[in-house]
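Asks: Below is a structure I'd like to ask you about.
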Amino acid sequence: MAFAMVSGVLSLIPFRAAALSESLREPSIFFPKGFDTNRAAKVLAVLRSTNNFAYLGGLTSYWEPKFETTLVYQGEPDQLKAMIGRLDGIEGMRVHITYSDNLNRETGSALQAGSWWVTYSHTMPNTISIRVNRAAKGFENQAFDARAATPAAP
């Protein structure tokens, strides 16, 4: 009887766990309800303009309260600077930049390291965070500042 109850409960877990995260084949963000749709469209336009750099994959986690999305990109420092400038030029959005000595140590098995990650969370809905991988070729000594980045042409 106890085995049947445990088996019954465990049989429900994979369905719930499968719904807690989603792999993203293209850049996308799960914005909160009521988020400005024009601002969301502008953010997605920048994140999807991958003609100068590569999108490697992403993941949205549906864990409350964050509902965090992480997108992974591969490219050159100047390409990241252009992306930062375009994101920072979107009215009502803030770009926060952090650095990692090696994103390979932070990925687990769900994401590749890439040159940089873009993260978005419902707990900071007006902020896009960019995590720069210092271990990526060309990024070892680079510094990035949203206010100093030159916006690229749309």
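For (1) under 18 Å from Ser21 (Cβ atoms); (2) modelled with pLDDT under 95; (3) acidic (Asp, Glu), each residue gets a yes or a no:
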site	(1), (2), (3)
Thr69	yes, no, no
Asn102	no, yes, no
Ser121	yes, no, no
Met124	no, no, no
Ile128	no, no, no
Ala135	no, yes, no
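Asks: Being touching an Asp or Glu at 6+ places or on another chain (Cβ under 7 Å) and either more than 23 Å from Ser21 (Cβ to Cβ) or surrounded by fewer than 17 Cβ atoms within 10 Å (Cβ to Cβ) (or both) is true for just one of Val46, Val95. Which residue is that? Before the answer, list the steps.
Replies: Values: Val46 fails: touching an Asp or Glu at 6+ places or on another chain (Cβ under 7 Å).
Result of the check over Val46, Val95: Val95.
Asks: So how many residues does segment 49-92 have that are surrounded by fewer than 17 Cβ atoms within 10 Å (Cβ to Cβ), at positive phi and in contact with a Ser or Thr (Cβ under 9 Å, 6 or more places away or on another chain)?
Replies: 0
Asks: Being under 12 Å from the mean Cα position of the chain (by Cα) and within 21 Å of Glu140 (Cβ to Cβ) is the requirement here; does Tyr120 meet it?
Replies: Here the answer is no, as Tyr120 does not meet what is asked.
Asks: Inside segment 35-71, can you point out the residues that are over 14 Å from Val118 (Cα atoms), of a type outside the set (A, V, I, L, M) and without any contact (Cβ under 8 Å) to a residue 24 or more places away in the chain?
Replies: Thr37, Asn38, Asn51, Glu64
Asks: Being closer than 24 Å to Asn52 by Cβ and part of a loop (DSSP other than H, G, I, E, B) is the filter here; which residues of segment 103-123 pass it?
Replies: Correct list: Thr107, Leu111, Gln112, Ala113, Gly114, Ser115.
Asks: Of the conditions (1) crowded, with 21+ Cβ neighbours inside 10 Å; (2) without any contact (Cβ under 8 Å) to a residue 40 or more places away in the chain; (3) not β-branched (Val, Ile, Thr), Gly114 satisfies every one except a single condition; which number is it?
Replies: Result: Gly114 passes all but (2).
Matching residues to (1) in contact with a Phe, Trp or Tyr (Cβ under 8 Å, 6 or more places away or on another chain); (2) modelled with pLDDT under 90; (3) part of a helix (DSSP H, G or I):
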{"position": "Phe3", "(1), (2), (3)": "no, yes, yes"}
{"position": "Gly8", "(1), (2), (3)": "no, yes, yes"}
{"position": "Phe15", "(1), (2), (3)": "no, yes, yes"}
{"position": "Ser23", "(1), (2), (3)": "no, no, no"}
{"position": "Glu26", "(1), (2), (3)": "yes, no, no"}
{"position": "Ile29", "(1), (2), (3)": "yes, no, no"}
{"position": "Phe35", "(1), (2), (3)": "no, no, no"}
{"position": "Asn38", "(1), (2), (3)": "no, no, yes"}
{"position": "Leu44", "(1), (2), (3)": "no, no, yes"}
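Asks: For Ala40, work out the one condition from (1) surrounded by 20 or more Cβ atoms within 10 Å (Cβ to Cβ); (2) among the small types (Gly, Ala, Ser); (3) farther than 19 Å from Arg131 by Cα it doesn't fulfil.
Replies: Every listed condition holds for Ala40 apart from (1).
The values are calculated or read from the model by the stated rules, or taken from the named source; none is laboratory data. Not measured: the values here are computed from a predicted model. All Cβ positions, even for glycine, are placed from backbone atoms using ideal geometry, and neighbour counts span all protein chains on display.
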